[in-house]
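Structure first, then comments.
The values are calculated or read from the model by the stated rules, or taken from the named source; none is laboratory data. Since the model is a prediction, treat every value here as computed from it, not as a measurement. Every residue, glycine as well, gets a Cβ built from its backbone with ideal geometry; the counts of neighbours run over all protein chains shown. Please note that ligands, DNA and RNA were not included when accessible areas were found on the heavy atoms of the full protein model with its side chains. Shrake-Rupley method; radii C 1.70, N 1.55, O 1.52, S 1.80 Å.
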Amino acid sequence: SVLFRPEQFWQIVLSDVGLALTAGVLAYASYVWSAAAVLRMYGVPYLMVNFWLVTITYLQHSSPQVPHYADDSWNFVRGALCTVDRSYGRVLDVCLHHINDTHVAHHLFSQMPHYHAEEATRHLRGKLGKYYNYSDRNVFGELYHTMKHCQFVEDSGSVLFYRNPSTAKKVE
């Protein structure tokens, strides 16, 4: 396969077996309790969890103000700082275990236990100053803003930014 190395064969088989078992259990549960019950108890929570994971990840790594670096100007610290801490309000921040508002610290210190991330973020905010990216705007408003303004990354230069058709540099 062009996607996988030969030594990964059994991992792929095991993954396929796991998917088949999951599909079988869901089909059996639908037979026993009804498809609507399985959708309500499994499908809806599954979609909600994945919505938050994808939304948080997208918003952490996408912003019109956050640069991207070409190979000639990239280094670890620059790359690690290309993320945004976003507060979704105290309740959601706690429910999400602060994965959304301590992400800069995670990028810089990926081996640090999560329970130290809030303290590290407080220190980083002071040390990084203007290089610390933070937003406490409404999550759904920010999602709309980011989807509207971050449609592609420029393709020329060393320091690149997200653009949309109305903010794209004209190529002559």
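Each Cα pair under 8 Å and six or more residues apart adds its separation to the average, and for the stretch 1-159 the resulting relative contact order is 24 percent. Estimated from helical segments only, the mean residue ellipticity of the chain at 222 nm is -15500 deg cm²/dmol, where each DSSP H run of four or more residues counts as -39500 (n - 2.57). Remark: spin-label model distance W33-V94 equals 2.9 nm, labels positioned 7 Å along the Cα→Cβ axis.
Membrane-span-like helices in the chain, defined purely by DSSP H runs whose alpha carbon atoms cover 27 Å or more axially and whose average Kyte-Doolittle hydropathy reaches -1.0, are 9-33.
P(r) tail for the stretch 1-159: Cα pairs beyond 18 Å make up 71% of the total. Taking all Cα-Cα distances within the stretch 111-165, those exceeding 16 Å account for 65%. Only protein heavy atoms count here; on that basis, with a 1.4 Å probe, V77 has an accessible area of about 80 Å².
For the stretch 51-109, the set of chymotrypsin sites (Phe, Trp or Tyr not before Pro) satisfying both a DSSP loop assignment and a count of at most 16 other C-beta atoms within 10 Å is given as W74, F109.
Sorted largest first, the principal axis extents computed over the alpha-carbon atoms of the stretch 17-108 equal 57, 34, 21 Å.
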